[in-house]
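**Student:** Take this structure first; my questions come after.
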């Protein structure tokens, strides 16, 4: 597996849009509200132990990275959006752990070949646009025999449906960019890593989620806090009819996904895929 290709001006502009997107809203608040269990789930699946050298790619606020550090690993948390790091540093201090925070692109990681025993990404690297480059980089920086592990939203789950619902309301992605939820499909993961990983295991699970009471409330929660949803609505400014149509579709999505009995606060199960493999070679 070779090094990542040199980024084109179009790639750099796309990455800058992604960086700004994840700095919008309140993603750190979403982590604290309902995403925290995903970090320990991925660390468990990766089998991280004290003394391991661990890289968390597209770490955001360090959900998996902080848990790995709490188990005694030596951890680097990397992300394209360093605006997310301050909340991670606060949470790391709350847990009484230290780790290194590095601004980095998942498609061009600034680390040497085989630098880490374990390389993980928790609903992070899946959002980088060029999936083959991501797979190549995750494998490259992991030592032979080490572990590469990802936790990704599935295409069939609630977040995958969220992205499908928003797709007609946002500009088409540039050539070569792939939809994030593809990373939650078993065949896609196998194809992207190819022979780079051995003993690849793929397991689906769900994250129980209860937010603010009704499908409409939960739609508004994502409108106000989740970068991709905020960007979709900003693109509809001056188009009230299309914005209203997206409102209706997202409320219907949460209504379909709601598992609660009538009159009870809405609750959901967000499906994800955990992929764990051993670096070949």
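Quick note: the coordinates plus some simple rules give every number you see, no bench work behind them. Please read these numbers as outputs of a predicted model, since none were measured by experiment. Using ideal geometry, Cβ is built from the backbone for each residue, glycine included, and neighbour counts are taken over all protein chains shown.
**Student:** Cα axis of helix 215-225 to longest principal axis of the chain: angle in degrees, 0 to 90, nearest 10?
**Tutor:** 50
**Student:** Further, regarding this structure: Any idea what Rg and Dmax come out to for segment 145-281 if you just take the C-alpha atoms, in Å?
**Tutor:** Rg, Dmax (Cα atoms, Å): 17.5, 56.
**Student:** On full extension of the chain, what length is gained from residue 216 through residue 252, given 0.36 nm per residue of separation minus the C-alpha to C-alpha distance? Let's see the in-between values first.
**Tutor:** Values: separation 36, 0.36 × 36 = 12.96 nm, distance 0.85 nm.
This chain segment gains 12.1 nm when fully extended.
**Student:** Can I ask one more? Using the alpha carbons of segment 67-127, what is the convex hull volume per residue in cubic angstrom, as a whole number? Mind dumping the intermediate values first?
**Tutor:** Working: hull volume 5.5 nm³, N = 61.
Taking the convex hull of the Cα positions in segment 67-127, it is 90 Å³ per residue.
**Student:** So how do 46-59, 203-216 stack up, highest first, on mean other-Cβ count within 10 Å? Mind dumping the intermediate values first?
**Tutor:** Details: 46-59: 21.9, 203-216: 15.4.
Those peptides, ordered most packed to least, come out 46-59, 203-216.
**Student:** Using only DSSP helix segments of four residues or longer, with each worth -39500 (n - 2.57), what per-residue ellipticity at 222 nm results for the chain after dividing by its residue count and rounding to 500?
**Tutor:** Helix-only estimate at 222 nm: -11500 deg cm²/dmol.
**Student:** Based on the alpha-carbon gyration tensor of segment 2-151, what equivalent-ellipsoid semi-axes (square roots of 5 times the eigenvalues) come out, in whole Å, largest first?
**Tutor:** For segment 2-151, the ellipsoid semi-axes come out as 22, 20, 12 Å.
**Student:** Among 279, 19, rank each residue by its count of other Cβ atoms within 10 Å, from fewest to most, as a rough exposure measure.
**Tutor:** Values: 279 25, 19 17.
Least to most surrounded, the residues fall as 19, 279.
**Student:** Determine one quarter of the surface area of the Cα convex hull of the chain, which equals its mean projected area, and express it in nm² to one decimal.
**Tutor:** Quarter of the Cα hull surface area: 14.3 nm².
**Student:** Report for segment 39-118 the percent antiparallel among DSSP-assigned beta bridges with both residues inside it, nearest 5. Kindly include the intermediate steps, with their values, before the conclusion.
**Tutor:** Working: 1 of 10 bridges.
Close to 10 percent.
**Student:** Where both residues lie in the chain, what percent of DSSP beta bridges are antiparallel, nearest 5? Walk me through the intermediate numbers first.
**Tutor:** Details: 19 of 36 bridges.
Antiparallel: roughly 55 percent of the beta bridges in the chain.
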